[in-house]
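As structure tokens, the structure follows; a few thoughts come after it.
The numbers here are math on the coordinates, done by the rules we state, and not lab data. Values in this document were obtained by computation on a predicted structure and should not be read as measured data. Cβ: placed from backbone, ideal geometry, glycine included. Neighbour counts: every protein chain shown.
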Amino acid sequence: MQPGQHDEYLSFWEGLIQWLMPTASKVDQFNLDLSADVEQLFLGDSLNLTARAGGSRATSAANIPVTVEIQTPDGRKIPYPMMAAAAAAQTGQVYNVSYKADTGGMCTAVASATVDGQKITSAPFSFYVKPFSPETAPRPQAFEILRQLAKSSGGQFCEQDQLNDVLSALDVKTSEEERISYNSLWNTPFILGGLMLLLSADWILRKQRNMA
């Protein structure tokens, strides 16, 4: 615990770090990282996929063909060639492609490239395509149709900021209705109890007078 003039701790940590560091042959010389601008989209919308090349040979292996394969929810595997991004045309380290969703469900994309006869693939990237519905897909309001509906139905069209004033000016007329309800006497506890007492008294009198 008292190393003195020799720093054994420094030698220990330097040796440990050098031992943990991988050699140059074990480091990926070329790899692909696949991403997208969104993770969820509606049916018919487009998704922009981006593949970034990394590793020690990413710069030297510029402009290599990169393909992304998309597996649709129905089991189809469709390859799409990716184009080098205009901003990285000289290095060729960024590749893009646009995919238009035509099937709802979970999709999986994998980018791949061949370098020196070896196929390099990216980690799978999944995205979900929501089925189209007018309730969930944001669409602009059709004001002209709403005005025609209000006019034909005898209503009034108003903007959102006028809604409180229109509701406050409504003249709500109350109406009265006569309702008659019928109740059976058999459902009255007092009458049922009275009938039971009369039957019991009749039975007692018959017993006392030996009347069958």
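Quick one: if you stick a label point 7 Å off each Cα along the C-beta vector at residue 42 and residue 121, how many nm between them?
Going by the 7 Å Cα→Cβ label model, 3.4 nm.
Give, in nm to one decimal, the length gained when the segment between residue 83 and residue 16 is fully stretched (0.36 nm per residue of separation minus the Cα-Cα distance). List each step's numbers first, then the result.
On the way: separation 67, 0.36 × 67 = 24.12 nm, distance 4.32 nm.
That pair, residue 83 and residue 16, stretches by 19.8 nm at full extension.
What is the distance, in nm, between label points placed 7 Å from the Cα along the Cα-to-Cβ direction at residue 180 and at residue 71?
Distance between the two pseudo-spin positions: 7.3 nm.
Given points 7 Å out from each Cα along the Cα-Cβ axis, report the residue 108 to residue 158 separation in nanometres with one decimal.
Between residue 108 and residue 158, the simple spin-label model gives 5.5 nm.
Under 27 Å Cα-Cα from residue 100, which lysines qualify once same-chain neighbours fewer than 8 residues away are excluded?
List returned: 77, 119, 130.
At 0.36 nm per residue, minus the direct Cα-Cα distance, what do residue 188 and residue 146 gain on full extension? Give it in nm, one decimal, please. Walk me through the numbers on the way to the answer.
Values: separation 42, 0.36 × 42 = 15.12 nm, distance 5.57 nm.
Length difference between fully extended and current span is 9.5 nm.
Exposure proxy check: 179, 76 ranked by fewest other beta carbons within 10 Å?
Least crowded to most crowded, the residues run 179, 76.
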